[in-house]
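> My questions will all concern the structure given below.
Here, each number is a calculation from the coordinates, and none is a lab measurement. Computed from a predicted structure; not experimentally measured. Using ideal geometry, Cβ is built from the backbone for each residue, glycine included, and neighbour counts are taken over all protein chains shown.
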Amino acid sequence: MEIAMGGAALVIKPRKTPVSFRHFDALIRRLEVRHPLVWQVQQDYDNAKAGFAGEESLDFQLSLLRPAEHYILHQVRLQVNEHVFEIDTLIVYSNMIVILEVKNFSGRLDFCDELGQLVQHRSKEEPRALRYPMSQLERQQLLLREWLAKHFPQKIEVHGFVVLVNRASIVQGGDLIDGLVRADKLPFVLNRLALVERKLRLEAVDQKRLAMKIAGACKEPYVDLVEWYAIESEYIRGGVYCSSCKSWHVERLRDRWCCKSCGHVDKDMHKEVLRDYQLLFGNVITCKEACRWLGLKKGTCLKLLKDISEPTSLSRKKVYYSLKSLT
Ligand SMILES: [Zn+2]
């Protein structure tokens with residue numbers, strides 16, 4: 001279990017670059033430009049990066065929370081029954097748990113709580129309806145309470161906030177919405193709440209046990225972008241690219257790769273290619289597929305594959321090579 005100091009609080013589960021980013025990088029590098037979802041994939045990735053930057057920007061406000069009274073967990077991903085739910089940041093106090101759903105929305109934001117509607121207006125763009133974050137938060141609270149009821153004997157209060165981290169955004173209709181807060185106000189809101197919440201106060205040892213238990217139960221996300229976007233494999237290009245200048249003009253010499261654009265020579269350029277394959281299609285590859293991706297004849301390809309793993313036969317006809325050692 002990793003524990004890091006963040007401000008005065010113990011960060012029991014530190015924030016990491018999301019696993020999906022490597023998958024997006026591989027997909028964007030290899031998706032044919034003629035595919036109709038190219039723009040959508042790039043936009044989803046940009047949104048994910050903006051969201052992550054927003055979460056990172058909240059660290060300053062988290063450092064202003066009253067010291068030494070709470071544990072912080074980032075990127076919490078739990079399962080209760082068949083439902084998996086994700087929480088950007090979760091704070092375990094002795095008298096409550098706080099869920100933070102962080103939003104890095106820009107532009108003018110029109111909230112309508114009655115309708116459960118959020119409309120974003122950005123210059124030079126049509127207004128667009130965003131997923132209503134308060135409903136997302138409600139679902140997380142509900143599922144977390146269910147999870148706690150199953151895994152923790154004491155009943156602890158769960159509070160939740162949607163935190164708007166983009167200072168340049170203009171919020172309309174949000175002032176009366178319970179649980180919606182600007183990042184700069186968050187420390188004051190939480191410090192006050194921690195003082196007044198009196199229903200239950202856990203012993204220090206139980207508070208820590210609860211935080212560790214949540215961290216220990218977190219599941220790694222399963223990412224399969226090819227399946228998610230339902231992309232047919234013919235739209236995904238193979239090929240070796242230069243590990244130095246990223247050009248696709250790479251040729252195979254006797255025992256190494258050479259970039260025709262920048263002259264860079266590298267013995268292991270094929271490993272990056274196979275890593276892309278792994279991120280998009282999983283942990284095993286056949287020799288035929290590897291030949292297609294690397295643009296090599298069978299003999300050379302087999303030699304490179306055998307350097308990476310032992311062949312495994314999963315059916316009578318097909319022999320697979322594991323790519324796990326590349327991770
Ligand atoms: Zn190059």
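> Check off (1) surrounded by 17 or more Cβ atoms within 10 Å (Cβ to Cβ); (2) more than 16 Å from the ligand (Cβ to nearest atom) for K219 and give me the number that stays unchecked.
Unmet for K219, out of (1) surrounded by 17 or more Cβ atoms within 10 Å (Cβ to Cβ); (2) more than 16 Å from the ligand (Cβ to nearest atom): (1).
> Are there helices (runs of 4 or more DSSP H) fully within segment 183-238 with at least 2 residues that are more than 30 Å from N95 (Cβ to Cβ)? List them. If you could, list the steps in order and put the result at the bottom.
Numbers: elements: 186-196, 204-217, 225-228.
In segment 183-238, 225-228 are the helices (runs of 4 or more DSSP H) which contain 2 or more residues that are more than 30 Å from N95 (Cβ to Cβ).
> Could you tell me whether segment 32-53 includes any residue that is of a type in the set (S, T, N, Q) and surrounded by 15 or more Cβ atoms within 10 Å (Cβ to Cβ)?
Residues of segment 32-53 of a type in the set (S, T, N, Q): 40, 42-43, 47.
After this cut, where a residue has to be surrounded by 15 or more Cβ atoms within 10 Å (Cβ to Cβ) as well, the list is none.
There is no residue in segment 32-53 that is of a type in the set (S, T, N, Q) and surrounded by 15 or more Cβ atoms within 10 Å (Cβ to Cβ).
> In segment 24-60, what count of residues is obtained for those that are more than 21 Å from N104 (Cβ to Cβ) and part of a helix (DSSP H, G or I)?
Selection size over segment 24-60: 5.
> Residue by residue through segment 134-166, note down the ones that are buried (at least 17 other Cβ atoms within 10 Å of the Cβ), aromatic (F, W, Y) and outside any helix (DSSP H, G or I).
F161
> Taking into account only those residues within segment 61-83 that are touching a Leu at 6+ places or on another chain (Cβ under 7 Å) and in a strand (DSSP E or B), which is nearest to E125 (Cα to Cα)? Spell out the reasoning first.
As a first pass, look at segment 61-83 and keep what is touching a Leu at 6+ places or on another chain (Cβ under 7 Å): 61, 65, 71-73, 76, 80, 83.
Restricting the remaining residues to those that are in a strand (DSSP E or B) gives 71-73, 76, 80, 83.
Numbers: Y71: 41, I72: 37, L73: 36, V76: 34, V80: 39, H83: 35 Å.
Ranking the candidates gives V76 first.
> I'm told D255 meets every condition in (1) under 23 Å from I236 (Cβ atoms); (2) away from the ligand (no atom under 16 Å from the Cβ) except one. Can you identify the failing condition by its number?
Against the list (1) under 23 Å from I236 (Cβ atoms); (2) away from the ligand (no atom under 16 Å from the Cβ), D255 comes up short only on (1).
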